[in-house]
């Protein structure tokens, strides 16, 4: 009897755990919209369709190596770059505390884009379309940047969320 | 005839005694043999001699249990066999606080993959041994960054970008100049030259100019340069290639030239190993020099004492000469 109770309890726990992780995956995949938008939700939605090769996520501690952004002005962020340095692929979503922060942030992102263009023009001309047609959207407190293999589709996804 | 009836002759007695003595001798011999055999089982095995030879003899260290012989010459040579072994991929993060990496897009991976902090690396896509000397990264020249860091070791991994269109000799000459410039700007830092990695067979088909023969030629040129310039040499090519001699798939980015995350700990462990062996050699040389100095000093003291004794009367005479003469 005791054994049966334990077995039932374990099965129930496993089922509950399974449900939880299933819900988490679903939440990431569908992504919230408009007011519910999150930085990580936006990057997850884009990356569900478009690959960032050797993607490495950056955080507030190491973002300074890529973007000249004052992290104190950032409410949330989700940034992925190509770790190997082979490709200019990048996806960066910042939500600033206010519009002034977003304006300064957009300038920093533009500066990063200019720098990447200067580096990759001679380095890998075949990859330049990713930078020449890069997406840079500023919407309220949001600044979103995408340089990837399908910028048009990335733009559609981002605009559908913001 | 009963047993009692039989009378023993002296010959019988003598024969019996001989048999008894022989039997006793056999028993004793058997005992000795058994005892020896037992002793053999109990005996400790011969100590295994482990020998690490760095180069030709100058200093010898010997321990009792496992004999370790470390012999050195004044420079790290290509025949060097490392006395310190860092298992592949098992580098020590803290160790690299003493280093500074200089390189191209391959070296950006150290930061991008978060193996090293950004302030310990000066790297950008497209750099060559020539362009590194005048290209600004993040608004600074390499010399400014290196001077600011003042690291114990400056590790250079450069050359991949020039393989397709620059001659190995030319790049090696530029590397030589770059080493001189670094030494001028950072005289306290030791230079570490790291070989460039191979490419995949697919990459060689796509970009025939960047082939492994040219990479090997360049690596051999800078290895020679390392010897000439007395800098530390780190060979990483062989550990990154597969059995066909091309960059192994597990380390290769899809372009066949850049490196995936797994390659970096391998490279770092090799760099750490080379530096540790260099430091070991320096330590042994210093010990050897201090021993030699001590011997020389005591010999000099003795000879000086003798000299003082022999020259004292002359000096006394000289000191008696008036100063204003």
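Being at the interface with chain B (Cβ under 10 Å from one of its Cβ atoms), more than 19 Å from residue A:151 (Cα to Cα) and buried (at least 18 other Cβ atoms within 10 Å of the Cβ) is not true of residue A:95. The set of residues from region A:148-162 being touching a residue at least 24 places away in the same chain (Cβ under 8 Å), within 17 Å of residue A:51 (Cβ to Cβ) and away from chain B (no Cβ under 14 Å) comprises A:148, A:150, A:153, A:154, A:157, A:158. Number of residues in region B:213-235 that are out of contact with any strand residue (DSSP E or B) (no Cβ under 6 Å at 6 or more places or on another chain) and crowded, with 18+ Cβ neighbours inside 10 Å: the value is 6. For region B:93-140, residues that are surrounded by fewer than 17 Cβ atoms within 10 Å (Cβ to Cβ), more than 9 Å from chain A (Cβ to nearest Cβ) and in a loop (DSSP other than H, G, I, E, B) total 4.
With the condition kept exactly as written, say whether any residue in region A:80-87 is under 12 Å from the mean Cα position of the chain (by Cα) and surrounded by 16 or more Cβ atoms within 10 Å (Cβ to Cβ). Yes, region A:80-87 contains a residue that is under 12 Å from the mean Cα position of the chain (by Cα) and surrounded by 16 or more Cβ atoms within 10 Å (Cβ to Cβ).
Take the conditions touching a helix residue (DSSP H, G or I) at 6+ places or on another chain (Cβ under 9 Å) and not in a helix (DSSP H, G or I) and apply them to residue B:217. Does it pass? In short, no. Scanning region B:159-174 turns up no residue that is farther than 22 Å from residue A:125 by Cβ, in contact with a strand residue (DSSP E or B) (Cβ under 7 Å, 6 or more places away or on another chain) and either not assigned by TED's automatic domain parsing to the domain that holds residue B:260 or not in a loop (DSSP other than H, G, I, E, B) (or both). Taking region A:67-91 as the region of interest, how many residues are away from every other protein chain (no Cβ under 14 Å) and more than 19 Å from residue A:107 (Cα to Cα)? Result for region A:67-91: 0.
Among the residues of region B:141-151, the one identified as surrounded by 14 or more Cβ atoms within 10 Å (Cβ to Cβ), part of a loop (DSSP other than H, G, I, E, B) and under 27 Å from the mean Cα position of the chain (by Cα) is B:151. Scan region A:58-91 for residues that are part of a loop (DSSP other than H, G, I, E, B) and within 15 Å of residue A:116 (Cα to Cα) and jot them down. Of everything in region A:58-91, those that are part of a loop (DSSP other than H, G, I, E, B) and within 15 Å of residue A:116 (Cα to Cα) turn out to be A:66, A:67, A:68, A:83, A:84, A:85, A:86, A:87, A:88, A:89. Number of residues in region B:228-261 that are within 13 Å of chain A (Cβ to nearest Cβ) and touching a residue at least 24 places away in the same chain (Cβ under 8 Å) equals 9.
Of all residues in region B:175-202, those satisfying the criterion of being assigned to a loop (DSSP other than H, G, I, E, B) and buried (at least 22 other Cβ atoms within 10 Å of the Cβ) are B:195, B:196, B:197, B:198, B:199, B:200.
Residues in region A:98-131 that are within 14 Å of chain B (Cβ to nearest Cβ) and farther than 30 Å from residue B:256 by Cα: A:108 alone. Just one of the numbered conditions (1) within 14 Å of chain B (Cβ to nearest Cβ); (2) surrounded by fewer than 18 Cβ atoms within 10 Å (Cβ to Cβ); (3) free of Cβ contacts under 8 Å to residues at least 12 places away in the same chain is not true of residue A:60: (3).
So that you can scan it fast, the table gives a plain yes or no per residue for (1) modelled with pLDDT under 95; (2) in a strand (DSSP E or B):
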{"site": "A:93", "(1), (2)": "no, yes"}
{"site": "A:102", "(1), (2)": "no, no"}
{"site": "A:107", "(1), (2)": "no, no"}
{"site": "A:112", "(1), (2)": "no, no"}
{"site": "A:116", "(1), (2)": "no, no"}
{"site": "A:122", "(1), (2)": "yes, no"}
{"site": "A:128", "(1), (2)": "no, no"}
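The values are calculated or read from the model by the stated rules, or taken from the named source; none is laboratory data. The shown structure was predicted, so the numbers you read here are calculated from the model rather than taken from an experiment. In this analysis, Cβ positions are derived from the backbone assuming ideal geometry, glycine residues included, and neighbour counts consider all displayed protein chains.
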